[in-house]
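Notes follow once the structure below has been shown.
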Amino acid sequence: MSQTNTDPPTSIILSDSSLPEGLPRCAIPGQPLCSSNEYTAGPGTYIDTNITIANKSAIIASVLGKVTVKRALKAESEKSKEQTKPAHYIRTVSVSRPEKAADAANAVPTVDDIVLARVLRINPRMANVAILAAGDGIASEEYGGIIRSTDVRETEKDKVKMSSSYRPGDIIRAVVISLGDGTNYYLSTARNDLGVVFATNELSGEPMFPVDWRTMKCPITGSTEERKCAKPSGLD
Amino acid sequence: MYMSDRRRILVPHTAQPITYADSPTSSLTSSSQKIYLRTSLLPDASGSAYFEHQQHKILVLVNGPKPQRGSFSSSAKLLVDVKFLPVSSDAHVLGIQQGLGFETDLEKSLAEFVYTSLVPAIRLGQYPKSGINVSIVVISGPPESKALVKQVAAACVTTAGAAIVDAGIEVLDVVTACAVKISTKGDISVDFDYEQESKASARAVISSMSSRDEITGFWIDEETEAASIEGEILTQVLQVASAGAIDVRKLVNSVLYRSLDGLESKGKNGKRSADSISD
């Protein structure tokens, strides 16, 4: 079982009054926030080499919003959590507007983003999907995407049958693996937590629930259909 | 060659701008230097800003980033268009009639200047395969367009800069602009007020990213034959205009800060902010 890579449990998000000293509560684009010596630049910020704070390039706000700092364990110190000292923390500073988080500006898919998409049509080689939401945002217009048959699941890639993985109308969770060409992003569901999250039964039209990783069941008729299901979150 | 624009209802060629009983020029000059700027006024657009100062009434809508079809591009494409409403002023009504509803030269050069001013500031690389549309509507401009184009240009850039920030698009810095004029005697001053009898040897407008101390756009026109703007004078022009742009930036900053507070206090559904500022 591949583990989904979430934040370490010890990550803390600081904002408003709990912000470390020296950081502003709100920021306007162009406003220097802190030195890249102490913090790493998160979303809504950039590093400018021409402006220095404490002899290091400054981190500067690039959007209007509230400043937050995420404190997380460094990757290498994760294994030995008991010896963790504050020095092993990575502090990421970011700027965001909570009420603007769902805006189109945050919904441009980038590589490694988890996206929600609707299956438009399928053929034996690939499925065409429309990306509805990416990152934190909801797309103002749908971005096109393609899932090739080799990217549906991790094992037995050569035996994948597209028609028993997705059907048009399904809502899927996928990861962006490439920006693709002019029209389509390339997506993959080759992970346990990725795949169909919402599908309706062909006969009854009812939303189905997943039974195992490749079967979904209708709660009314009890009939089953084949899908590449996403593992529901919260299951271990 | 007769080319008609069938998609729009054009104004009759005898159309006249609205004139008010009391001359608006006299009342407006007395309340000089009052800018009204407001962001987030149209919930349907990704970002919007409205600017009002004396005769200038400008509305900017930002739409995007939205997917762009066609060939692959690793960064976003910026599109700027400027439209004068037929009622905006008499000179522009003439312009629109000449253009028969098509983009006039004035609109084209303003759009080009705004594009030049904004492009260096926007982090286009953050939005691959996307397009950002900036639509500028000049609801009301000064009647004698020729002399005051630079003022309109400055207002357009400042408003568009604020609207881009309102849309949540990542930028290096907020862009603001300031117009300056060089009088026939050689004095350089910030060109901010509407003047009916306005004579100058040259007029210019500068767009800048004030907190980075970078100029993103510069447009100068000499208005008299004798004028020559070179060397020392040009440096002074840049200094005066940059200082003016910093002043405008202060106003824009306070509007943006207040719009943030307004959103916070009204909760998640409140998409409103109203700010009026005067200096």
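Every read-out reported here was derived from the displayed coordinates using simple, explicitly stated rules and does not represent laboratory data. Since this is a predicted model, take the numbers as computed values, not measurements. Reconstructed Cβ throughout: ideal geometry from the backbone, glycine too, with neighbour counts over all protein chains shown.
Counting only C-alpha contacts under 8 Å and six or more residues apart, can you give the relative contact order of chain A as a whole percent?
13
Listed highest first by mean packing, meaning other Cβ atoms within 10 Å per residue, what order do A:120-127, B:179-186 come in?
B:179-186, A:120-127
Looking only at other chains, what is the average number of their beta-carbon atoms within 10 angstrom of each beta-carbon in A:60-67?
Partner Cβ neighbours, averaged per residue: 6.
Gain in length, A:ASP181 to A:GLU202, computed as 0.36 nm per residue apart minus the alpha-carbon separation, to one decimal in nm?
Between A:ASP181 and A:GLU202, full extension yields 4.3 nm more.
Grab the beta carbon distance between A:LYS161 and A:ILE13, set R0 = 45 Å, and tell me the FRET efficiency rounded to 0.05.
According to the calculation, E is roughly 0.55.
Please average, across the residues of A:103-113, the number of beta carbons from any other chain that are within 10 Å of each residue's own beta carbon, and give a whole number.
6
For the pairs B:LYS57/B:LYS250; B:LYS77/B:LYS108; B:LYS150/B:LYS185; B:LYS57/B:LYS150; B:LYS83/B:LYS199, flag any whose C-alpha to C-alpha distance is greater than 23 Å.
Violating the 23 Å limit, Cα to Cα: B:LYS83/B:LYS199.
Restricting to Cα pairs below 8 Å that are 6+ residues apart, what does the relative contact order work out to for region A:106-226? Please round to a whole percent.
Reported relative contact order: 22 percent.
Give, rounded to the nearest 20 debye, the magnitude of the charge dipole that region A:108-236 has about its Cα centre when Lys and Arg contribute +1 at Cβ and Asp and Glu contribute -1 at Cβ.
Approximately 420 debye in magnitude.
Expected output is a single nm value to one decimal: the length gained when fully extending between A:ASN123 and A:ILE138, i.e. 0.36 nm times separation in residues minus the C-alpha distance. What is it?
Extra length available between A:ASN123 and A:ILE138 comes to 2.7 nm.
Mind ranking A:228-235, B:171-178, B:200-207 by how tightly packed they are, going by the mean number of other C-beta atoms within 10 angstrom, highest first?
Answer by packing, highest mean first, reads B:171-178, B:200-207, A:228-235.
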